Amino acid sequence: MTDFISQAKLAKSEDRRAIPQDLRLQEMVKPAPGSKHIYEFIGTDSFANAWYDRQQYEVNAGRLEVPTLYEPIYSIIRDANLPRNVTINAIGPGGVILEQIKEGGEVKFATVGESTKTAEILHYGVGLEYSDDLVAFNELWTVAIVERAVGKAYNALLNHLHFNPILTYSYASANQTAANTSGSTYVEDTMLTIEDAISNARLDTSNPRPGPYVLLINGAKEGVVGKALTREVQQGLASQSRSLDSIQAVISYNGWSGTRGSKTVSYSGVTSSKAYLIDVSQKDMDFQSFMKKDLAEYGRQEDVSRFLLQIVWDTRFGVYANPLAAVEEITLPSA
């Protein structure tokens, strides 16, 4: 059964972490030396640690509200020792083949081929800043809102940077499938179009894409795509081919929009007229995600008692995608 994946389906909402009602921040912090707008803790170390633990909880809760969706497509490597530029290597010219070893024969070794492809590990960061009124008026109710926004923005960025290479690639005819409108219904047209895309992907002699597949769509198409992939016999729908069983998952991605002060950031999703049939049989080579450092606080080091109002969070990761070798761009039929 095909798994449908979307932010609406995966999103979770966590309760706010309780802050003591009698807490008075004016009694726990003081202005940092040389600054009227950055405060540092003067309370006990246990309070400072408890504050940062609560903050980490809220950031993570924000990430749950905007879940990442790209995992079925990408091979994810997590390694703090990744270099700035990661070389994308191919395993020999034809992959790995196991051969019989006859008496007196020798083992043939698979080799890592040379490659000019690299993925750069990029550095992203955000300054988490609370209003000075937080201390002056003890406005603790604003704290979790700001902290959760960091987690939401981070996961939205991860989704954008992993999907954008697929959505913005300039596909030629060998990687394109036109809408098939020969069916008797909209659902049948959609089914036939997806079947055509699978056939085209498998018959491409330059970049054969045998599957299994992940189908990337706009959320508005979940209903019709779900019906087109249903194996049960449907009235007015021609017999489906077994090729549709090779679609392991359907991901709905509509992009994201967020605001920082007066600046609005928007990440484009899949347009409603398109879909992308993504072959994941070689995702270890075609789609690689390199996480050197997940989102974490930056620069606190040994001193946990500093910086209440201004805190920097950062991350280091890189993405490599090869749409030419793995993706079929589909033009969907109109309703």
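Bear in mind that the values in this text are calculations on the coordinates, not laboratory data. These numbers were taken from a predicted model, which means no experiment stands behind them. With ideal geometry, Cβ positions are generated from the backbone for all residues, glycine too; neighbour counts draw on all protein chains shown.
Which of Asp189, Asp294 has the fewest other C-beta atoms within 10 Å, and how do the rest follow up to the most?
Details: Asp189 21, Asp294 12.
Ranked by crowding around the Cβ, least crowded first: Asp294, Asp189.
Which of the peptides 221-228, 81-88 is most tightly packed, and how do the rest follow, judged by the mean count of other Cβ atoms within 10 Å per residue? Numbers along the way, then the final one.
On the way: 221-228: 18.1, 81-88: 13.0.
Descending mean neighbour count gives 221-228, 81-88.
First select every other residue whose beta carbon is under 12 angstrom from the beta carbon of His123; then total the charges, Lys and Arg +1, Asp and Glu -1. It would help to have the intermediate numbers written out before the result.
Details: positive: Arg84, Lys292, Lys293, Arg316; negative: Glu120, Asp314.
That sum, taken over residues with Cβ under 12 Å, equals +2.
Evaluate E = 1/(1 + (r/R0)^6) for Ser206 and His123, where r is the Cβ-Cβ distance and R0 equals 56 Å; express this FRET efficiency to the nearest 0.05. Present the calculation step by step, with values, prior to reporting the outcome.
Details: r = 36 Å, r/R0 = 0.65.
Between Ser206 and His123 the formula returns 0.95.
Electrostatic bookkeeping for Ser75 treats Lys and Arg as +1 and Asp and Glu as -1; over the other residues with beta carbon under 9 Å from its beta carbon, the sum is -1.
Subtracting the Cα-Cα distance of Thr271 and Ser173 from their residue separation scaled by 0.36 nm leaves 33.4 nm. When each of the peptides 67-78, 278-289, 198-209 is scored by the mean number of other C-beta atoms lying within 10 Å of its residues, the order from highest to lowest reads 278-289, 67-78, 198-209.
Can you check what the net charge comes to around Leu203, using other residues whose Cβ is under 12 Å from the Cβ of Leu203 (Lys, Arg +1; Asp, Glu -1)?
Counting the neighbours of Leu203, the net charge comes to -1.
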